[in-house]
Amino acid sequence: MIFTETSLPEAYLIELEHVDDERGFFARAWCSDEFKQHGLVNGFVQCNISFNTIAGTLRGMHFQIAPYPEVKVVRCTMGAIYDVIVDLRPNSPAFKQWYGVTLSADNRLMYYIPDGCAHGFVTLTDKTEVFYQMSEFYHPECARGVRWNDPAFDIRWPLEPRVISMKDQQYGDLGL
């Protein structure tokens, strides 16, 4: 796997290293040792799948607060998404900055999202599936979110969302 740090500290894009032959390719999609060598969380307790019927579906911007903050590794296994994280760590040099990337079944990129960052995505195609590895169990009492179009972040989404849950619509601005 190839780990490339983004402009947000401790957030990585992870690219698969293919071994190609006449059958196609083989690649390692997870290696605890490689994550550990990069100083990344390598213990995941839960995996989730999000299936989204239509392009323009927005999910986010979600995170969990202490005592159960969560690291996520996200991969799009069908279709394509524009995946965004916002750094909400007050002591980070990138506080309130965001980074977005297209994850797709074709590019097979993964996105390592450190705790303290809000995460969300908008689907770019119909019938999109997203696979998440989570370092912490879901704790509803610690679940939080910020508005996907909060002017404090000025996220440049590639398309206007068409479907947003009522819960995601009701998140406030950065007030946390």
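Can you tell me which of 69-81, 13-25, 93-105, 137-149 comes out highest on packing, and rank the rest after it, using the mean Cβ neighbours within 10 Å?
Ranked from most to least packed, the peptides come out as 69-81, 93-105, 137-149, 13-25.
Considering the convex hull of the alpha carbon atoms of region 72-176, report its projected area averaged over all viewing directions, in nm², one decimal.
7.0 nm²
Which lysines have a Cα less than 16 Å from the Cα of Lys36, not counting those fewer than 8 places away in the same chain?
Lys72
Over the chain, what number does the Rg to Rh ratio reach, with both radii from the alpha-carbon atoms and Rh per Kirkwood?
For the chain, the value is 0.96.
When ranked by the protection proxy of mean other Cβ atoms within 10 Å per residue, highest first, what sequence do the peptides 157-167, 57-67 form?
Put in order of decreasing packing, that is 57-67, 157-167.
Taking only C-alpha pairs under 8 Å that are 6+ residues apart, what is the relative contact order of region 1-135 in percent?
Relative contact order comes out at 35 percent.
Okay, helix-only estimate at 222 nm for the chain: each DSSP H run of n ≥ 4 adds -39500 (n - 2.57), divide by all residues, round to 500 deg cm²/dmol; what do you get?
That calculation yields -1000 deg cm²/dmol at 222 nm.
Among Ala118, Ala27, Ala11, which one shows the biggest mean-square fluctuation in a GNM of the chain, springs joining Cα atoms closer than 10 Å?
Highest fluctuation of the listed residues: Ala27.
About the Cα centre of region 43-169, what is the dipole size in debye to 20, counting +1 per Lys and Arg Cβ and -1 per Asp and Glu Cβ, all else neutral?
With Lys and Arg at +1 and Asp and Glu at -1, about 80 debye.
Would you please classify the overall shape of region 1-66 from the alpha carbon gyration tensor, given that a ≥ b ≥ c denote the square roots of the eigenvalues, rounded means a/c under 1.5, and beyond that prolate means a/b larger than b/c while oblate covers the rest?
oblate
Tell me which residues come under 5 Å, amide H to amide H, from Gly116 once H is placed; ignore anything under 5 positions away on its chain.
Here Gln64, Glu70 satisfy the definition.
Values quoted throughout were computed directly from the atomic coordinates according to the rules given, and no laboratory measurement underlies them. No experiment lies behind these values; they were computed from the predicted model shown. Note: ideal-geometry Cβ built from the backbone for every residue, glycine included; neighbour counts use all protein chains shown.
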